[in-house]
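So the structure is just underneath, and the comments pick up after that.
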Amino acid sequence: RLQENRERLSVCSKLCYAVGGAPYQITGCALGFFLQLYLLDVAQLDPFYASIILFVGRAWDAVTDPMVGFFISKTPWTCFGRLMPWIIFSTPFAVISYFLIWFVPDISRGQVMWYLIFYCTFQTLVTCFHVPYSALTMFISREQSERDSATAYRMTVEVLGTVLGTAIQGQIVGKVDTPCIESPFFIGKSNSSVALEELNMTHDTGSLTDTRNAYMIAAGVIGALYVLCAVILSVGVRERRESSELQSDKPVSFFQGLKLVMSHRAYITLIAGFLFTSLAFMLLEGNFALFCTYTLGFRNEFQNILLAIMLSATLTIPLWQWFLTRFGKKTAVYVGISSAIPFLIMVVVLDSNLIVTYIVAVAAGISVAAAFLLPWSMLPDVIDDFKLQQPNSHGHEAIFFSFYVFFTKFASGVSLGISTLSLDFAGYQTRGCSQPREVHFTLKMLVSAVPVGLILLGLLLFKLYPIDEEKRRKNKKALQDLR
């Protein structure tokens, strides 16, 4: 009882830890929703080169995670800890590179290299922040309940970060409208699934200079929030070396540790299950704007529908935290992630209806909350199980977290590639005011049928996940004995 009391975290410590998750989500949302629009309409790059920047940036982002995990595993302990120095020293350079992404250089040639270099540089530096921050979960307390509670705080703040990133970028550059081109081929053709009155020709509202200034102001605001969150994290959270290490710990090389980690059954089944469920939600996220605009005909409601999803996710994370402590994490996975399936089917089966769309948005937010919370809540249990099976191996927390992030970003890249190729094959009209029927069918598949299939496949893989509540309690008792 005294040991548990010493390991208990204060609400202030949990809040300071949670705030550290916001920078990754705020910048990720701003880049995810607006970078492609910025490269095409503001920087005025050729679409081919814009695609190269986006694909190479995502691929490099995935590669940097295991690289950073390797270097972290080699980092010695300092007076600030082993993980915190990475967070502190990467922050100012990350903010500078993020701002330069949203700056249009006054050069006739070399713009492609400018954006490619600074996009990849930022992805590297934000990885130097996020991978050690994710692994920090194992170094704030040895108590599973305290780590789970801190993770719930973190997920709430991260979902709020997605709302904040979208809101800041959207409000500041909200006057920027992408003009659509009315193709003569589609004029006069009826399409029952599209509200044509919502898809009229739009016009720019301001000069290109004002638009560029708006993007830089948004980058400055988000950069200031990035620095503020990093300061709060570094001041309010203490990294505890003893929280992760056992009495019998002996150093093991990175590659030997990587081999041990990748042969751990619980870890493989966990990342395999979440790989498919993450891919499902990323497909939904990546194509939701196009689906609302063209298939449902709610061009002017997209931001409000997205806000409904994120607010629903934010408000229900405490509910899922209570649910997983009451009924277990595997049960929470089945109930939470599968709850989106009937609503994903409903949105494409029923006729276009704004009320139904908002209901689906709220239901999707409930599942998004579960998908946000559960992987980061279950990873520490897997690491504890690994420590019991490999008691002489330590310092591999960053490997567990970095390779999970790697597979998540890999899923993001796959979803982007699938979406782009599918829409291109269906005949998607760039900046078109309306789209052919094949595009509407493809969008329905990308936001409903394919995600439902991926969710079901992921849930089947979770049947193989070996750590239930009984095994988790046994592991906790065994770890206490070892310590």
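Going residue by residue through region 113-120, is there one that turns out to be open to solvent by 10 Å² or more (accessible area, probe 1.4 Å) and either over 20 Å from Leu35 (Cα atoms) or within 19 Å of the chain's Cα centre (by Cα) (or both)? Quick ask: steps written out before the conclusion?
We begin by selecting, within region 113-120, every residue open to solvent by 10 Å² or more (accessible area, probe 1.4 Å); these are 113-114, 116-120.
From what's left, either over 20 Å from Leu35 (Cα atoms) or within 19 Å of the chain's Cα centre (by Cα) (or both): 119-120.
Yes.
Among the residues of region 218-232, those identified as out of contact with any Phe, Trp or Tyr (no Cβ under 9 Å at 6 or more places or on another chain) and either outside the structural domain of Ile87 (by the TED database) or more than 14 Å from Glu158 (Cα to Cα) (or both) are Val221, Ala224, Val227, Leu228, Val231, Ile232.
Restricting attention to region 110-143, the residues being touching an Asp or Glu at 6+ places or on another chain (Cβ under 7 Å) and within 30 Å of Asp385 (Cα to Cα) number 9.
Scanning region 353-370 for residues that are open to solvent by 10 Å² or more (accessible area, probe 1.4 Å) and in contact with a Ser or Thr (Cβ under 6 Å, 6 or more places away or on another chain), we see that the one that is nearest to Ser134 (Cα to Cα) is Ile366.
Pairing residues of region 72-95 that are outside the structural domain of Gly223 (by the TED database) with residues that are open to solvent by 60 Å² or more (accessible area, probe 1.4 Å), at Cβ distances under 7 Å and at least 6 apart in sequence or on separate chains, gives no pairs at all. Take the conditions (1) open to solvent by 10 Å² or more (accessible area, probe 1.4 Å); (2) within 20 Å of Phe403 (Cβ to Cβ); Thr127 misses just one of them, which is (1). Checking each residue in region 23-75 for being on the phi < 0 side of the Ramachandran plot and among the polar types (S, T, N, Q) picks out Gln25, Thr27, Gln36, Ser51, Thr64, Ser73, Thr75.
The set of residues from region 50-83 being buried (at least 17 other Cβ atoms within 10 Å of the Cβ), over 21 Å from the mean Cα position of the chain (by Cα) and under 28 Å from Ser419 (Cβ atoms) comprises just one member, Ala50. Cβ-Cβ contacts under 6 Å between residues 6 or more apart (or on different chains), taken from a first residue in region 131-160 that is free of Cβ contacts under 8 Å to residues at least 24 places away in the same chain to a second residue that is buried (at least 22 other Cβ atoms within 10 Å of the Cβ), are absent. When you look at Trp376, is it under 30 Å from Ala478 (Cα atoms) and without any contact (Cβ under 8 Å) to a residue 12 or more places away in the chain, yes or no? No. Assigned to a helix (DSSP H, G or I) and closer than 22 Å to Ser145 by Cα: does that describe Lys476? Yes; evaluated as a whole, the condition is true for this residue.
Results for (1) assigned to a loop (DSSP other than H, G, I, E, B); (2) under 30 Å from Gly20 (Cα atoms); (3) at pLDDT 90 or above; (4) in contact with a strand residue (DSSP E or B) (Cβ under 9 Å, 6 or more places away or on another chain), shown as yes or no for each residue.
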residue: Phe186; (1), (2), (3), (4): yes, no, no, yes
residue: Thr205; (1), (2), (3), (4): yes, no, no, no
residue: Ala214; (1), (2), (3), (4): no, yes, no, no
residue: Ala219; (1), (2), (3), (4): no, yes, yes, no
residue: Ser234; (1), (2), (3), (4): no, yes, no, no
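The single condition among (1) farther than 30 Å from Gln480 by Cα; (2) surrounded by fewer than 22 Cβ atoms within 10 Å (Cβ to Cβ) that Leu15 does not meet is (1).
The values are calculated or read from the model by the stated rules, or taken from the named source; none is laboratory data. Keep in mind that what you see is a predicted model, and the values were worked out from it rather than measured. Cβ coordinates were reconstructed from backbone atoms using ideal geometry, including for glycine residues, and neighbour counts include every protein chain displayed. Calculation scope for accessible area: heavy atoms of the full protein, side chains included, ligands and nucleic acids excluded. Shrake-Rupley method; radii C 1.70, N 1.55, O 1.52, S 1.80 Å.
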